[in-house]
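S.K.: Can you read through this structure? Questions will come right after.
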Amino acid sequence: LRLLVLACAPSAAVGLAPTRGNVPLRSGDFPLASTQPTTARVRTVTELLRAAKDDAVAQIVLAKGQYQLLTQLRINRNLTLEAEVLDPPGEVVLDGSSRSRVLYVAADVTVALVGLDITGGQPPDGASG
């Protein structure tokens, strides 16, 4: 662990108040960077693809709807994909549009699929699905 500590005079000592634009800042305006895994809530294919690429995201919760993928969803790390609505079944659908695989999961990766319907997958020629 490397820690960089910068010493500086308090702003009050030099007569300045820290600001963002013309708005004074408070101590709570400086959130600490988090290394904790997060949950992404998505409503569109674009949001889903973005969340799947974000290494900080450990769980993706998909809102009710059909997600028509034009390319496979690549997953390269342990991840949970979960339907926001579990009852009735079939409310959250990942659809490969008969164009490609729906999911590609890298070797040595665990993916949990919770409450999703997966349809319309098409493996590349000569490959298994």
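Values in this text are rule-based calculations from the coordinates and carry no lab data. Note that the structure is predicted; figures quoted are calculated from it, not measured. FYI the Cβ positions are ideal-geometry reconstructions off the backbone, even for glycines, and counts take in every protein chain you see.
S.K.: Only residues that are closer than 12 Å to residue 117 by Cα and charged (D, E, K, R): list them for region 70-86, please.
M.R.: 82
S.K.: Does any residue in region 58-71 that is farther than 15 Å from residue 97 by Cβ come within less than 8 Å, Cβ to Cβ, of a residue that is polar (S, T, N, Q) and assigned to a loop (DSSP other than H, G, I, E, B) six or more places away or on a different chain, and which pairs are these?
M.R.: Cβ pairs passing all conditions: 58/78.
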